[in-house]
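Below is one structure; the comments refer to it alone.
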Amino acid sequence: MEGKRKITIGHLYPDLLNLYGDRGNIACMMQRCRWRGIEAETIEYNLGDEIDFGRLDIVLLGGGSDREQMIVCRKLQEIQEAFQAYVEDNGVVIAVCGGYQLLGKYYKTKEGVIQGLNLVDLYTEQGEGRLIDNIVLQSDLVKMPVAGFENHGGRTYINGNKPFGKVLYGSGNDGESGYEGVVYKNVIGTYLHGPLLPKNPEVCDWLIARALERKYGESRLSPLDDSHEIEANSYVYQRFVGGNQ
Ligand code: GLN
């Protein structure tokens, strides 16, 4: 029965948005599906390609520099309607860093305003200095703390939306609110890379489970041996948070 299930991941614009090992996130999703006998494929879409969102179960929008975001944002306006329909239909999205900023209304930089996809009610403004460090969160979506690395000049304001997590160590969305990322329907937007998913298998499984639920009406996932990941996660937690609690 499990072998019949299949997940198709769409990787948007890896030619421009691939700043922080986004392919590591893809490899993690593919492998955790395959270990469970779930078929997995990834389709890479570069700037000129047509995207058929109807084929996709998970969309990954990666990180990019301000310059790359400026180039990509023009293309994003062309696919906005189809992307929004996918999100509103509970399509699963993981958007990291520059990709997270592009989910919102705009990202205002000193060089100009980058128009976003307007899929989630949030906006970003460039602040003084960059927020660069390890980061640890506690998220309602998972049991283990979420560990990653952040490096962003933008400060993101999520209005009334639910954050991805509460910051235990690090800066998060704007360095002040104490929260990081956003969760809207089956969309996660976050500044965490590292890449994110190999370090946080429960977040990876959350995405896969939501995609299975949407496609097959059930999200059963057999457990995997995550002992190495759990050990790495608790090391990071102890190192950055342990002493401060
Ligand atoms: N260019 C954006 C910023 O500096 C996002 C960078 C990134 O993807 N790390 O805020």
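Quick notes on this structure:
- Three-way shape call for segment 164-244 based on the alpha-carbon gyration tensor, with the a/c threshold at 1.5: oblate
- For segment 51-111, the gyration tensor built on C-alpha atoms gives a prolate shape. Its axis ratio a/c (a ≥ b ≥ c) is at least 1.5, and a/b is the larger of a/b and b/c.
- Candidate residues 196, 168, 131: accessible-area rank, largest first, probe 1.4 Å: 168, 131, 196
- Note on residue 190: accessible area is roughly 0 Å² with a 1.4 Å probe, heavy atoms of protein only.
- Within the accessible area of segment 114-245 (1.4 Å probe), percent carbon and sulfur: 47 percent
- Just the protein heavy atoms count here, and of the accessible area of segment 28-108 at 1.4 Å, carbon and sulfur take up 45 percent.
- Simple spin-label estimate for residue 218 and residue 232 in nanometres, 7 Å along Cα-Cβ: 3.2 nm
- Sparsely packed trypsin sites (Lys or Arg not before Pro) within segment 65-148, loop by DSSP, other Cβ within 10 Å at most 15: 110, 143
- The GluC sites (Glu not before Pro) of segment 176-245 that meet both conditions, a loop assignment by DSSP and at most 16 other Cβ atoms within 10 Å of the site Cβ, are 176, 218.
- GluC sites (Glu not before Pro) lying in DSSP loop within segment 1-80, provided at most 11 other Cβ fall within 10 Å: 50
- Heavy atoms of residue 114 accessible to a 1.4 Å probe, total area in Å² rounded to 10: 0 Å²
- Average accessible area per residue (Å²) across the chain - probe 1.4 Å, nucleic acids and ligands excluded: 43 Å²
- Calculated SAXS-style log₁₀ I(q)/I(0) at q = 0.13 Å⁻¹ - the chain, Debye, Cα scatterers: -0.74
- Only lysine pairs 8 or more places apart or on separate chains count here, and in the chain those with Cα atoms under 14 Å apart total 5.
- For residue 35, solvent-accessible area (1.4 Å; no DNA, RNA or ligand), Å²: 150 Å²
- Cα gyration tensor category, rounded, prolate or oblate, for segment 103-217 with a/c compared to 1.5: oblate
The values are calculated or read from the model by the stated rules, or taken from the named source; none is laboratory data. Here the structure is a predicted model, which is why all the values come from computation and not from measurement. Cβ sites come from the backbone with ideal geometry, for glycine too, and all protein chains shown count toward neighbours. When the accessible area is computed, the model is the full protein with side chains, heavy atoms only, and any ligands, DNA or RNA have been set aside. Shrake-Rupley method; radii C 1.70, N 1.55, O 1.52, S 1.80 Å.
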